[in-house]
1. Of everything in the stretch 131-182, what is over 16 Å from F210 (Cα atoms) and hydrophobic (A, V, I, L, M, F, W, C)? Give them in sequence order.
2. Can you report the number of residues in the stretch 313-332 which are buried (at least 20 other Cβ atoms within 10 Å of the Cβ) and under 18 Å from P209 (Cβ atoms)?
3. Right, I326: among the β-branched types (V, I, T), under 19 Å from the mean Cα position of the chain (by Cα) and farther than 15 Å from V71 by Cβ or not?
4. Please enumerate the residues belonging to the stretch 99-124 that are in contact with a Cys (Cβ under 8 Å, 6 or more places away or on another chain) and under 13 Å from A366 (Cα atoms).
5. Could you go through the stretch 276-288 and let me know if any residue there is at negative phi, assigned to a loop (DSSP other than H, G, I, E, B), in the same structural domain as A94 (by TED's automatic domain parsing) and crowded, with 19+ Cβ neighbours inside 10 Å.
6. Could you please tell me which pairs satisfy a Cβ distance under 7 Å, a separation of 6+ or placement on different chains, a first residue in the stretch 69-82 that is at positive phi, and a second residue that is basic (K, R) and within 15 Å of the ligand (Cβ to nearest atom)?
7. From the list S206, S175, S165, pick out the single residue that is touching a residue at least 40 places away in the same chain (Cβ under 8 Å), at negative phi, of a type outside the set (D, E, K, R) and surrounded by fewer than 18 Cβ atoms within 10 Å (Cβ to Cβ).
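The values are calculated or read from the model by the stated rules, or taken from the named source; none is laboratory data. Since the structure is predicted, the reported quantities are computational estimates derived from the model, not experimental observations. Here the Cβ positions follow ideal geometry from the backbone for every residue, glycine too, while neighbour counts run over all protein chains shown.
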Amino acid sequence: MPVGGTNSGVVGQSKEFLLQQERRNKSAEDELMPVTTTRLLAVVTTAMTLLLLFSNQPVNADTRPNIVWIVVEDMSLPFGCYGETAIETPSVDALAERGVKFTQAFVTAPVCSACRSAMITGMYQTSIGAHLHRSGRGRMIIPLEEHVKLIPQLFREAGYFTSNSNAPGSQVRRSKGNPKGLAKTDYNFKWDEDVYDGNHWRERKSPQPFFAQYQLKGGKGRTTKTPNPVNPSDVTLPPYYPDDPVMRDDWAQYLNSAMNTDLDVGHIVDELREAGELDNTYIFFMTDHGISHVRGKQFLYEEGIRIPFVIAGPKIQAGTIRDDLIVHIDMAATSLALAGIPVPDYMEGQDLLAENYSPREFIVAARDRCDETVDRLRCVHTDRFKYIRNFYPDRPYLQPNTYKDNKPILKAMRRLHAEGKLTPAQSLIMATTRPAEELYDLKNDPHELHNLAENPEYAGVVEEQRERLKLWIRNSGDRGRFDESDLLYDSDMKVYLDAIRIRKPDRAAEIEANIALMKKWKEEGR
Ligand SMILES: [Ca+2]
């Protein structure tokens, strides 16, 4: 009999042993004499005493599986198991090999805080008013409706230990403002830090089951520091980016960051294995949106919304590949179900492993204001087509945005564009206005370069997606259909500016000018 180790523990097995003894004794006695009411009562009483005895020790008897979420920043699918050939990613590949790999997984929002607000509630960010990036941080707060609970809260109420840490070896410093040393949360609504018990699952009272998150810096950790850095000359860029040294260097560093992410994943698995927890743990692996690049993060092209998504764990058939369309908020419902916790009716994410699961015909993703930049995009994504609705067609794709505009890759794009050195495919994103609708045939045009929305042959397809989006906006209660109030915008901009004046004071004037432009455009109805 193993001692310690996983959650089974000694007492859990002793209970089973004693109950077996009880059953054996009972049947042996039954053979000797008829069951009388008195004897039956005695047996029931003994059984109840045993149950009571052990129900006082639910922690020791708790063999429920652990749930681990590995959430990676700003990364698309540069992993071997998803077809990347420039680098090797053995740890992520191993996870996929012993679990289920989803090939059509998408975030509902291509930016951190909106995505993470959705992830942690199992709800579209647009349904709960958390769709504006880095909102509700100042004088104006965004409350959640009372019935919407955070996933760690649901786990905690069910007796799980809940934690939120960085990659092994890079712990968050505890401070007065963050006494538990919690890793990135970035939720756009008011929430209670008590939903997390601690930084790391090792802090729990053994052998309590745990719901643990690891936040990995992923593509935000662009670097040349990795054991075998990629040579920029070996990089293959997508056709919508110019072959320029700045672009190559950045992409090489991005691939390096993917290799470092893979090392982090290996360390997480090692940690679980060394503690004897791996065999009783479901691991989810995903990124919080695609690569931070010109057409990636903040946009609804595949580069922005398509993510890796893997689940590995005890009851998952190894080597499973699923091609149905899923969204990242499904992680919430699936995790609860794996832990035997009822999935609340209001939840929009679905249990991907449920027996009655039926694949979606389409998924929807949404982008709204990012930092100071007001925008609203929605997309309907089927197996074959991507329909994008631009609600601000009179504005450029690349509206001023201080965060993005200061990236060397964006500066390089603007410079090359000014010099007339971009190809038509590379120039698309530089347009000063946008069509209200875009439609791409993902099968024949995976890079989304040929907009079919105005092509009469596809009028039926456009009409179908338009109708789907209209219904989705209505049925899900998309809060983005209302303009953001000036009060909330000003409140968030104050927080943004206050922070930037401390961290990067030279950018404050640029943000202020952008804010003024946004207000001017709003007044002009542009
Ligand atoms: Ca992110």
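1. Result: L132, M140, I141, I142, L144, V148, A167, V172.
2. Taking the stretch 313-332 first, the residues buried (at least 20 other Cβ atoms within 10 Å of the Cβ) are 313, 326-332.
Checking the rest, the ones that are also under 18 Å from P209 (Cβ atoms) come to 313, 331-332.
Of the residues in that region, 3 qualify.
3. Details: among the β-branched types (V, I, T): yes; under 19 Å from the mean Cα position of the chain (by Cα): yes; farther than 15 Å from V71 by Cβ: yes.
Answer is yes for this residue.
4. Scanning the stretch 99-124 gives V107, T108, A109, V111.
5. yes
6. Correct list of pairs: D74/K220; D74/K297.
7. S206
Per-residue answers, yes or no, for (1) among the charged types (D, E, K, R); (2) crowded, with 20+ Cβ neighbours inside 10 Å:
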residue	(1), (2)
Y196	no, yes
R202	yes, no
F210	no, yes
Y214	no, yes
T223	no, no
P229	no, no
T236	no, no
D249	yes, no
